[in-house]
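Step one of this worksheet: look at the structure below.
All of the numbers you see were taken from the coordinates with simple rules; none came from a lab. The model shown is predicted, which means the values in this text are computed figures rather than measured ones. Using ideal geometry, Cβ is built from the backbone for each residue, glycine included, and neighbour counts are taken over all protein chains shown.
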Amino acid sequence: MRRPALILFCGLAMARAQTLSPLPPTPAATLIPWLLEEKEELTQLPWRDVIFYTTGKKVLAINPTDETDQRVLTQIGSALDELLKRMSAPDSPVQNSARINEVSTSFENMIRHLLDAAPGLSCDFPKTVEGRVQRSGYPDLRLVDTRTGRVYYVDPKLYAAGSRASSFRTFYFEPKIATNKVLDDAVHLVLGVEHEPRSAGHWNFTRWDIVDLAHLKVRLKAEFQGSNHDIYRPDAIVGTSAKE
């Protein structure tokens, strides 16, 4: 008669253990404490690692002794010299923009045009992994040396005079699969163009830099987002004004 009692006891013990077992953690319960630790390694992430583990593609460094890299850099520099002249000219369309943010699209279009017109270079807006052209998101331009097929991803950026040493965030990358635009092992470059404050209705663009991102360190900034569609759900509204 002991066997049924033993089976009953074991069954009750197992049921109690299952009752007391903690529920599987939710994604938020796992993620948020990890983020709040503010791990040092999340503030010094090599850009090449971010790209590789997001896209499977390598970030290549500019080789100072490579003929192709040096030729392409020279051509980019010539295009940027011309860009400064055209954008600073009194009759430039950008002079009609009151804010520098409004200049960005014209700036990007002009540098694409100048690079695409350079002998032996082809420059266009990169396509996503789904084959669609998408202007938003990194990188802005895909430059190809037609002689070798070498790819350079180019991200033009404007910055105000005196702000080169600023710690304000100016470089962003949002890892996504469907809208990924990094489809090649490539050199990644920022083309930085400095501008003076607008004076007497005139923008003056003064200098440029070509920056190799192969050794850039980036940091992760966690941010939770919601749209108006998410917020103003009928089932969530608990009060509203009377209709007129």
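How far is the Cα center of segment 185-244 from the Cα center of segment 60-129, in Å? When both Cα centres are located, 21 Å separates them.
Derived scalar couplings between HN and Hα for segment 97-103 equal 8, 7, 10, 5, 4, 6, 7 Hz in order, rounded to whole Hz, by the Karplus curve 6.51 cos²θ - 1.76 cosθ + 1.60 (θ = phi - 60°), x for Gly and Pro. Computed 3J(HN,Hα) for segment 135-143, one whole-Hz value per residue from the Karplus formula 6.51 cos²θ - 1.76 cosθ + 1.60 where θ = phi - 60°, is 6, 6, x, 7, x, 7, 9, 10, 9, glycine and proline marked x. With Cα atoms as the point set, segment 42-114 shows a radius of gyration and Dmax of 17.2, 46 Å. The H on the amide N of residue 121, modeled in the peptide plane, is under 5 Å from the matching H of 146, each at least 5 residues off or on a different chain.
Taking amide hydrogens as placed 1.01 Å from N in the peptide plane, the amide H of residue 179 sits under 5 Å from that of no residue at least 5 positions away in sequence or on another chain.
For residue 133 and residue 198, a Förster radius of 30 Å and the Cβ-Cβ distance give a FRET efficiency of 0.45, rounded to the nearest 0.05.
Membrane-span-like helices in the chain (whole DSSP H runs, Cα extent of at least 18 Å along the helix axis, mean Kyte-Doolittle hydropathy of at least -0.5): 2-20, 67-88, 104-117. Whole-Hz Karplus values for segment 167-182 come out as 8, 5, 5, 10, 10, 10, 8, 10, x, 9, 7, 5, 9, 4, 10, 8 Hz, taken residue by residue from phi with 6.51 cos²θ - 1.76 cosθ + 1.60 and θ = phi - 60°; glycine and proline positions read x.
Averaging sequence separations of C-alpha pairs under 8 Å and six or more residues apart, then dividing by the length of the chain, give the relative contact order as a whole percent.
Numbers: 302 pairs, mean separation 56.2, N = 244.
Reported relative contact order: 23 percent.
Other residues with beta-carbon under 14 Å from the beta-carbon of residue 116 carry, at +1 per Lys or Arg and -1 per Asp or Glu, a net charge of -3.
Using packing as a proxy for protection, rank 60-66, 191-197, 205-211, 153-159 so that the peptide with the highest average count of other Cβ atoms within 10 Å comes first. Don't skip to the end; give the middle numbers.
Values: 60-66: 13.0, 191-197: 18.0, 205-211: 15.4, 153-159: 19.9.
Result, highest mean Cβ count within 10 Å first: 153-159, 191-197, 205-211, 60-66.
Spin-label pair residue 85-residue 98: with each label point 7 Å from Cα along the Cα-Cβ axis, the two points sit 3.2 nm from one another. For segment 168-244, taking Cα atoms only, Rg and Dmax work out to 21.7, 60 Å respectively.
Using square roots of five times the C-alpha gyration tensor eigenvalues, list the equivalent-ellipsoid semi-axes of the chain in whole Å, biggest first. Numbers along the way, then the final one.
Details: eigenvalues 515, 147, 58 Å².
The three semi-axes for the chain are 51, 27, 17 Å.
Residues whose amide H lies under 5 Å from that of residue 158, counting only those 5 or more places away or on a different chain, are 193; hydrogens are built 1.01 Å from N in the peptide plane.
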